[in-house]
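Worksheet: the structure to be examined is printed underneath.
The values are calculated or read from the model by the stated rules, or taken from the named source; none is laboratory data. Everything numeric in this text was worked out from a predicted model, so none of it was measured. A quick note on method: Cβ atoms are made from the backbone with ideal geometry, for glycine too, and the neighbour counts reach across all protein chains shown. Note: accessible area is taken over every heavy atom of the protein model, side chains too, but ligands, DNA and RNA are not part of it. Shrake-Rupley method; radii C 1.70, N 1.55, O 1.52, S 1.80 Å.
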Amino acid sequence: RRLVDRLPRMLASLAFVYASVCAAMWFLQERLIFPGSDYVPDLRAQADRAERLDLATPDGARLRGVLLGQPAAAGVRRPLAIYFGGNAEEVTWWAQAREWPAHWAIALVNYRGFGQSTGTPAEAALYADARLLYDTLTGRPDIDPRRVVLLGRSLGSGVATQLAAERATVGLILVSPYDSVAAVARSHYPWLPVNALLRHRFDSLARAPRLAQPLLMLVSPDDTLVPIAHSERLYAAWAGPKRMERIRGADHASIADAPEYWRAVLAFLASREGG
């Protein structure tokens, strides 16, 4: 048969395949955005400096993790850093890192559905859980609510940015951040109707012009998962004092292995100790 005769059937087949791919992306997007991790590290060696945390959410989930750092003396309030990890990260693993300053309280609590936390992750749920974690910890007598720093990596940069728009903080550290999940998805899947399909947008760019907190942004020019252009757009829109450090020779997964990473993180925390 001539090509012109076969063309309608070919177009119909292509349209069916395209619609099937779009439907699969709609139904499977949670697995792509929140793949999670059920890895449970052995923290017995950190037992003297890692307090177990277990928070109940209003919808019945349990958020589990640790509060790292040496217990404060009576009447002493510690500065607090809350870490929000990446989309496949079990965050209590970071309790094994010896670089954290001992006089800070470092909150390492897994998202719902990650590690030993229960529940199903979703954008709105992660925001609500972040508020619960913040409010719970800043209500403790050993935590100084006037000295809170948020540290968000990759997916967690969106959670940290949203929380910073709703709660008082003295600074943010964003690692491999994006302008929005929608923008990153469009760069990876330009042939998909991302705006119509995406349910979890994490639009940090919309919030950045209203955020006056000091920002440290750590990025890798070789990041292929979140290309640096997305981080740069967020950085340009940030209203407060800001500094970007480009860590070369690293990628999205290995950026925290670079010595420059910890030097920058520790220097920023030290600069925010005074509130």
Over segment 146-256, with the other protein chains present, what is the accessible area per residue in square angstrom, probe 1.4 angstrom?
38 Å²
Distant-in-sequence amide H partners of Arg147 (H built 1.01 Å from N, under 5 Å):
Leu80
Let me know the volume per residue of the alpha-carbon convex hull for segment 156-239, in Å³.
84 Å³
Point-charge dipole on Cβ atoms (K/R +1, D/E -1) for the chain, about Cα centre, debye to 20:
620 debye
Row for segment 15-71, column shape: gyration tensor on C-alpha, a ≥ b ≥ c, rounded if a/c < 1.5 i.e. under 1.5, prolate if a/b over b/c, else oblate; value prolate
extent check for segment 1-135: Cα max minus min per principal axis, descending, whole Å, gives 86, 31, 22
Taking all protein chains as present, what is the carbon and sulfur share of the accessible area of the chain, in % to the nearest whole number, probe 1.4 Å?
58 percent
Cα gyration tensor shape of segment 92-149, rounded if a/c is under 1.5, else prolate or oblate by comparing a/b with b/c
oblate
Suppose we keep just the DSSP beta bridges with both residues in the chain; what percent of those would be antiparallel, to 5?
30 percent
Coarse-grained scattering of the chain at q = 0.09, 0.13, 0.15 Å⁻¹, given as base-10 log I(q)/I(0) from a Debye sum over alpha-carbon atoms:
-0.44, -0.85, -1.12
Net length gained if the chain between Leu14 and Asp222 were fully extended (0.36 nm per residue, minus Cα distance)
71.4 nm
When a/c is below 1.5 the answer is rounded, else prolate if a/b is larger than b/c, else oblate, so apply that to segment 205-251 with a ≥ b ≥ c taken from the square roots of the Cα gyration tensor eigenvalues.
oblate
Segment Glu260-Ala102, length gained on full extension (0.36 nm per residue, minus Cα span):
54.9 nm
Given a cut-off of under 8 Å on Cα pairs at least six residues apart, what relative contact order in percent is computed for the chain?
15 percent
Net length gained if the chain between Asp48 and Arg31 were fully extended (0.36 nm per residue, minus Cα distance):
2.5 nm
Once the Cα gyration tensor of segment 129-174 is diagonalised, semi-axes √(5λ) in Å
18, 11, 8
Return the percentage of antiparallel bridges among DSSP beta bridges fully within segment 1-135, rounded to the nearest 5 %.
75 percent
Loop-located trypsin sites (Lys or Arg not before Pro) in segment 215-260 whose Cβ has at most 15 other Cβ within 10 Å (DSSP):
Arg248
